[in-house]
1. Could you give the nm distance between label points at B:S55 and B:Y4, where each point is 7 Å from its Cα heading toward the beta carbon?
2. Ignore the peptide's own chain and count Cβ atoms of other chains within 10 Å of each Cβ in B:357-368; give me the average, rounded.
3. Could you compute the FRET efficiency for B:K72 and A:R86, with r as their C-beta to C-beta distance and R0 at 45 Å, rounded to 0.05?
4. How do B:E51, A:E38 rank by accessible surface area computed with a 1.4 Å probe, from largest to smallest?
5. Under a point-charge model restricted to the Cβ atoms of Lys and Arg (+1) and Asp and Glu (-1), what is the dipole moment magnitude of the protein assembly as shown relative to its Cα centre, in debye to the nearest 20?
6. With θ taken as phi - 60° and the coefficients 6.51, -1.76 and 1.60, list the Karplus ³J(HN,Hα) couplings across the range A:85-91 in order, rounded to whole Hz; mark glycine and proline as x.
7. Magnitude of the Cβ-charge dipole of chain B, K/R +1 and D/E -1, about the Cα centre, nearest 20 debye?
8. Shielding of B:196-207 by partners, i.e. mean partner chain Cβ atoms within 10 Å per residue?
Amino acid sequence: MSYNGLHSGLYARIRDYAELLDEVLIGLKAHTSSPNDEKRQKLAHLFLGTPSSAPSNLSAQFFQIFLQSEQDIDANQLSEIGQALRSTDVRANVIERLEALALTLENERAGMLAKMRGHG
Amino acid sequence: MDDYIKGAAAQLIERGRVLTAKIPRDLPRDYDTLAQTSRQKINAQLGHLKELSESPLFSHSSYRAERLRLFKRIVAEMDILETVAIAALDRAKVDDHRLNALLERIALEIRFPLVTPVVTTLSQQYFHIHPDLNLMCVPLTEGQFLLHLPDLYHELAHPLLVEQNDPVIEPFQEQFLNALRYVLDYLGEEQAKEDRRRGPLQPRFLLRAWEKAWVKYWMTEFFCDLFATYTLGPAFAWSHLHLVAKRGANPFDVPLTNLSSHPADDARMRAMLRALDIAGFSAESSQILQRWQSFLAHSGAKSEPEYHRCYPESIIHGLAERAQEGLRATQVRIATRETKDPVHTLLNDAWKTFWKDPGSYVAWEKKAVATLFDSTKGNPS
């Protein structure tokens, strides 16, 4: 498989994470979001990972492994963010960390697209 | 910037409408899924663009970063739709139709558990797939030859690793994760050894780079190779030798500086050979190994200690075993010596014929390709 093809699968995954993160961020900053919102729950699930009793979720597991290996975020930090998203009180420092992650994911997405187009 | 985004969004909306109009209305049914996916994706992006332009929220300074990121992602999606999906539909011709019929037959033979991807011959970069569009791209003339067609099987595996919430394919995904954890544990142990030694920083840096490469790219490539080996058999390993001999770089490559997107070709071959042994093709595995070693000798390539540290035998074997375990728990058909499916048989026979008499292979292949595509004409796809 070519570089292009290999990246298209990973690209879609990273793009979806970035999309979800921004959507949740907007809700948090606008104070229109609650812990029961579907997208916020989905994002919390990505940060918290899959419980051993649940069916395998490759996307959630990959998100965890990706952030840990690529962004040097440890499992405890991921869990803290996930728990915060499940609570009613998401503090400013959590929003700041989410914003930093959103920027990182966006840069990763754009870099990957550039490589797919042969500009990387 | 507000004015810019409003103006650019309006132009993109018009572009989306033009793209939708470009979708041909007279293609065979094989293309319906791609046409429908393209329409839905274009409409979704147009919806996002309207929201960007019209929502009062986005005129507030607190959301500028999110708005710009959203805008860039929409532009990227529209670019991919235009240059990949709509281009494939707009330029679909007889060669594409034939390959679509062939892929449908392969999917039936191996009991592929997802919707069969659409094929286009627009690829400028060998075989690849866009799982998001379920679109496989192959080089223009590849459908007229047999020896590289085993790569179709490799590409079919990619969507299996992306699809969500499907219990039928979850066992394969679980083994993918299992294999990834196995590799990360190994690299973690190696990292701990380096920490205890308190030696130079470079080995630790290397191990970290390998970890990233395994997570982002390599495990996916290994699992797709293994899917292809288990579903097609020896022909896939032969096609790997063919590709590497023609286009490969250092088969023992280990990334020392930049992140490498593909695992070393020799490591990939070792995984395929292990899979062939597991699947009962030991005789063929030995023949391929012999040819591979001959190729390596000709290439003059030599493995360095880092190569063996990056791809130890225990890891390679562990991947082959886990992939097989995952596949066995799905409904996918694993090839055995008794498998007689027509496309499977033809692609394996092609390699037997090639090695029996390489000089007369081309004439045999021409006839075989004609017969293959004559027989796919009646395919109900």
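1. Calculated label separation equals 2.1 nm.
2. Average per residue, whole number: 0.
3. For B:K72 and A:R86, the calculated efficiency is 0.90.
4. A:E38, B:E51
5. 540
6. 5, 8, 9, 7, 10, 8, 7
7. Using only the charged Cβ atoms, the result is roughly 400 debye.
8. Other-chain Cβ atoms within 10 Å of each residue's Cβ, averaged: 0.
The values are calculated or read from the model by the stated rules, or taken from the named source; none is laboratory data. Just so you know, these numbers come straight off a predicted model, no measurement behind them. So basically every Cβ, Gly included, is an ideal-geometry build from the backbone, and we count neighbours across all protein chains shown. SASA here: full protein model, heavy atoms, side chains in, ligands and nucleic acids out. Shrake-Rupley method; radii C 1.70, N 1.55, O 1.52, S 1.80 Å.
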